[in-house]
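One structure is given below, encoded as structure tokens.
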Amino acid sequence: MRKISITLFCLVAFVVSQAQNVPSMQEFLGYGPGAAFTPHYKILNYFRALAQSKPSMMKLEKYGETYEGRDLVVAYISSAENLQRLDEIKKNNVALTQGGNTTSGPAIVWLSYNVHGNEPSSSEAAMLTAYTLLSGRDTRANDWLKNTVVIIDPCLNPDGRDRYVNWYNSMKGKNANVDPQTREHIEPWPGGRTNHYNFDLNRDWAWQTQKETQQRIKLYQQWMPEIHVDFHEQGYNEPYYFAPAAEPFHEVITPWQREMQTLIGRNNAKYFDQNNWLFFTKERFDLFYPSYGDTYPLYNGAIGMTFEQGGHSRGGLGVVNAAGDTLTLTDRVMHHFTTGISTVEIASQQAPRILQEFKKFYDNSSNGVGSDFKTYILTSNNLNHLKSVAELLDRNQIRYGITPTQNLKGYNYQSGKDESINAEKYQLAVSAYQPHSLLAKVLLEPKGKLTDSLTYDITAWSVPYAYGVKAYGLKEKREISNDNIFTTTSNFPGRVHGYLKEWKSFEDARFLSALLQKGIKARFAEKEFSTGNKKYSPGTLIILKTSNQQITNLDELVKNITDSLNAGVDPIGSGFVDAGADLGSPDVRLIKKPKIAVITGEQSFSTSAGEVWHLFDQQLNYPVNLINANDLSRLTFSDYDVIILPDGAYRFFTDKATTDKLKQFVTSGGKLVAMQNSIGQIAAADWGIKTKTDKDDKDKAGEYADLKKYGDRDRTEAEGSIPGAIYKITLDNTHPLAFGYPDFYYTLKQDTDTYSFLKSGWNVGIIKKDDLVSGFVGNTAKQKIKDALVFGVQNMGSGSIVYLVDDPMFRSFWQNGKLLFCNAVFLVNQ
């Protein structure tokens, strides 16, 4: 027994000894920082080894999985004392957003790496950063960790990272080739930047349309860090960028947040100067669009920053840049490592003030400070539209309810004037007197105030326009109750002739998809009709037992679908209606279940193709066939009913044999849905639609008008640009493409591509003069974007081409356009 005890004691002593030996990357992986690209599973294994070696200072937590099943994890690193009371620290920190007073705790520093998969140096830096904080390699780290809890997310986008790393490792030889023209520097479609569905996760923070983002934000909200750094890479010829950021700053960003960015930036600069590394600040990367990894934390009270290293997908393990210098992966790792450690250092030094200012941000927010409108009222006759808004607010922890609207005045988003509130059937109210009021302001305000027209992203995104609801902004505080406004009921009597489903939102398209998947035949009304003392608009779905006699349990199936989607349907006892066309009329169209092909792969733009794929696969649950554009010449077009061309640059339009087959597909009854840039290629192929030409309106100054100053070239270019602005367009809602809409629609324009009105076809959505609602548009661009087609349908033989000049489901957050896209697929040309 004594012998066993001695052996056990020795074993325990050995384990304890080993636990103090924090493994370096060289020791665990077999190579040092930047010597190779590390696959995601090895990154996870390394972080597990770190946690096992130093359990008193590090805890690893899995918070989710990617679409492809890879683990998403964070590491918590702090002093042993802090780690023992980690839950208490978390609770106290979140309490600061709710009026709590405990500002003596450690500051929370969250470091996010590799949101773009083909910007891979940052995950390598994450491993080095964690090792340095734990190992005692930097003797200052122990002091820093007394005042901070460092949260490291080593890879926000494992699917994209592994796509890039696996490709690169399969391309390189024994030694890396630094010639940027070689194959290991030219990544194939779709690249590793995006996630599984080709979404840019760094544009998704506020909208949370993607699984990875939803899981991450849920954890983020459980901590509410005071500092957040988002590590990126840019072109390999660019020097390193760190904050302070460029203008425009959104007006809700506080002087303290600006000051702290500068303080951290100066500390970064100190280390970069010591190492003779190039860097820049206050240029290119602004703080306006709300859904980035720097702006979203800023609008949630943190010090949000982007750090950008040169390199990304073309950097490889080494590349010769334009200056003739060789930039190595090791260089890139060390730069990111340095700014990460520098940020922790300043956070530790400034922890008391950081916590005080964080509390002040939320105290002010809860008292309505910084919000012009003290109450927002959103209203709609369509409950699903408001439910979609409520889901977005829930995801961002923005509180809402209802408030009486009688005899109230407010700023009408549609008219741009202060008017009496004309509330529709349903309403949702948001108060500025709540912790997340500034985030609510950023998302809900009709127009953001731009301090500079040179921006990195879209300049308009107002939720009421994007979600298709009326809105009013009130200058006074209103009491808001938390009554449930989202109850939907359907009556299922014993014996019915069929069911009616109003067609007014994307949720109704999901209902149609579910019907078609169950083999249930549905029709839609082309004209308004009335029955049972209720009016039904064009597009209304009609499910009749007459058409579905082969389905013996139709009532049960319809009820199951309505229950699963929380959708309301109206049972009917007869096909005879009170007014309008009876349900057996020729004006009632059968919806054929379409077989759909989406053109993807090289030539399509991956994010646009991904939007379409995600819509069908994750939202509609409707099957589509992804066809590589390079294979179109071999495609049997007659196998499909609908072909969707996402935004892209399609070479096949120069191949007569392929374009003849595509045209034959349309004239034989097929439907082509063309999006954005693909329309320009159809116009160039002379299929009927015409690019809008500018009239010769040269200035009277003649040749002097062409004189420009070199130093003003960025401003001059901005005159012809539209980075993303909202226009109100006129809709012909008697056409199936616009069923379910009023006679207007708010579209997000991102370019100046314009097309003339169709002479032979239907101009369903058009921009007239002075239809700009919100966002920056250069003066030259503004003159061009008027009297132009936005959405149209051209008949060709027995088929049709649907033109979607603007993206109706931009980044999947432009909720109100999704029904229009479904109209194009399911209703047009039936």
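In this simple spin-label model, placing a label point 7 Å from the Cα along the Cα-to-Cβ direction at both Lys59 and Asp452 gives a separation of 4.1 nm. Excluding same-chain neighbours fewer than eight residues apart, the lysines reachable from Lys518 by a Cα-Cα span under 16 Å are Lys545, Lys559, Lys592, Lys593, Lys595. Here Asp751 and Lys656 are evaluated by their C-beta separation; at R0 = 35 Å the FRET efficiency comes out at 0.80. Under the classification rounded if a/c is under 1.5, otherwise prolate if a/b is larger than b/c and oblate if not, where does region 419-467 fall, given a ≥ b ≥ c as square roots of the Cα gyration tensor eigenvalues? Taking the square roots of the gyration eigenvalues as a ≥ b ≥ c, region 419-467 is prolate.
Loop-resident trypsin sites (Lys or Arg not before Pro) (DSSP state other than H, G, I, E or B) in region 232-307 with no more than 10 further Cβ atoms inside 10 Å of their Cβ are absent. Pairs exceeding 32 Å between alpha-carbon atoms, taken from Lys218/Lys769; Lys211/Lys504; Lys501/Lys692; Lys671/Lys786: Lys218/Lys769; Lys501/Lys692. Per-residue accessible area (protein heavy atoms, 1.4 Å probe) orders His312, His250 as His312, His250, starting from the largest. What share of the DSSP beta bridges in the chain is antiparallel, in percent to the nearest 5? Close to 65 percent. Computed on region 306-359, with alpha-carbon pairs under 8 angstrom and 6+ residues apart, the relative contact order is 26 percent. Cut-off under 25 Å on the C-alpha distance; same-chain residues fewer than 8 positions from Lys146 excluded. Which lysines are left, in chain and number order? Partners within reach: Lys54, Lys59, Lys62, Lys90, Lys91, Lys270, Lys359, Lys360. Rounded to 0.05, the FRET efficiency of the Thr693 and Ala581 pair, given R0 = 45 Å and the Cβ-Cβ distance, is 0.60. What you get for region 162-223, charging only the Cβ of Lys and Arg (+1) and of Asp and Glu (-1), is a dipole of about 140 debye around the Cα centre.
Its relative contact order, with pairs defined as Cα atoms under 8 Å and 6+ residues apart, puts the chain at 10 percent. Relative to the first principal axis of the alpha-carbon coordinates of the chain, what is the inclination of helix 86-95, with its axis defined by its Cα atoms, in degrees from 0 to 90 and to the nearest 10? It works out to around 50 degrees. For the Cα trace of region 532-629, dividing Rg by the Kirkwood Rh returns an Rg/Rh value of 1.08. Over what distance in Å are the Cα centres of region 490-542 and region 562-585 separated? Here the answer is 5 Å between Cα centres. The C-alpha atoms of region 36-134 occupy a region whose extents along the principal axes are 46, 29, 21 Å, arranged from largest to smallest. Rounded if a/c is under 1.5, else prolate if a/b beats b/c, else oblate: with a ≥ b ≥ c from the C-alpha gyration tensor eigenvalues square-rooted, which is region 209-256? Oblate, because a/c is 1.5 or more while a/b does not exceed b/c. Restriction of the trypsin sites (Lys or Arg not before Pro) in region 59-109 to DSSP coil positions whose beta-carbon has at most 14 other beta-carbons within 10 angstrom yields Arg85. The charge dipole of the chain, taken about its Cα centre with unit charges on the Cβ atoms of Lys, Arg (+1), Asp and Glu (-1) only, comes to about 1340 debye.
Within region 376-514, the proportion of Cα pairs with more than 25 Å between them is 35 percent. Rounded to 0.05, the FRET efficiency of the Leu263 and Lys759 pair, given R0 = 60 Å and the Cβ-Cβ distance, is 0.45. Placing a pseudo-label 7 Å from each Cα along the Cα-to-Cβ vector at Glu556 and Gln517 gives an inter-label distance of 1.9 nm. Going toward the positive end of the dipole of the chain, with +1 on Lys and Arg Cβ and -1 on Asp and Glu Cβ, which of Gln397, Ala824, Phe242 do you reach last? Result: Gln397, furthest along the dipole toward the positive end. Note on Thr330 and Gln84: the extension gain reaches 85.1 nm, defined as 0.36 nm multiplied by sequence separation minus the Cα-Cα distance. Per residue, the convex hull around the alpha carbon atoms of region 538-691 comes to 161 Å³. Can you give the local net charge around Gly304? Use residues other than it whose beta-carbon is closer than 13 angstrom to its beta-carbon, Lys and Arg +1, Asp and Glu -1. So the surrounding residues net to -3. Each Cα pair under 8 Å and six or more residues apart adds its separation to the average, and for region 715-774 the resulting relative contact order is 45 percent.
Considering the dipole of region 9-144 built from charges on the beta carbon (Lys and Arg +1, Asp and Glu -1) around the Cα centre, which of Asn142, Tyr113, Gly69 is farthest to its positive end? It is Asn142.
Over all pairs of different C-alpha atoms, region 711-814 has a mean inverse distance whose reciprocal, the Kirkwood radius, equals 14.5 Å. What is the ratio of the Cα radius of gyration of region 90-249 to 2.2 N^0.38 Å, with N the residue count, to two decimals? Normalised Cα radius of gyration, region 90-249: 1.22. Note on region 769-830: Cα-Cα pairs beyond 17 Å make up 55% of the total pair count.
Approximating the spin labels as points 7 Å out from Cα along Cα→Cβ, the Asn275-to-Val94 distance works out to 3.6 nm. What is region 168-274 by shape, rounded, prolate or oblate, if you read a ≥ b ≥ c off the alpha carbon gyration tensor as root eigenvalues and call it rounded for a/c under 1.5, prolate for a/b larger than b/c, and oblate otherwise? It comes out oblate by the Cα gyration axes.
Taking every pair of Cα atoms in the chain, average 1/r, invert it to obtain the Kirkwood radius, and report Rg/Rh to two decimals. Reported Rg/Rh (Cα atoms, Kirkwood Rh): 0.99. Between Asn364 and Ala649, residue separation times 0.36 nm minus the direct Cα-Cα distance comes to 97.7 nm. Phi-derived couplings, Karplus 6.51 cos²θ - 1.76 cosθ + 1.60 at θ = phi - 60°, listed residue by residue for region 253-270: 5, 7, x, 5, 4, 5, 4, 5, 4, 5, 4, 5, x, 5, 5, 4, 4, 4 Hz, with x used for Gly and Pro. For region 129-245, a crude dipole built from +1 on the beta carbon of Lys and Arg and -1 on the beta carbon of Asp and Glu, taken about the Cα centre, is about 280 debye to the nearest 20.
Between Asp138 and Lys545, residue separation times 0.36 nm minus the direct Cα-Cα distance comes to 139.0 nm.
The values are calculated or read from the model by the stated rules, or taken from the named source; none is laboratory data. Here the structure is a predicted model, which is why all the values come from computation and not from measurement. Ideal geometry is used to build each Cβ from the backbone, glycine not excepted, and the neighbour counts take in all protein chains shown. Side chains are part of the model used for accessible areas, which takes the heavy atoms of the whole protein and leaves out ligands, DNA and RNA. Shrake-Rupley method; radii C 1.70, N 1.55, O 1.52, S 1.80 Å.
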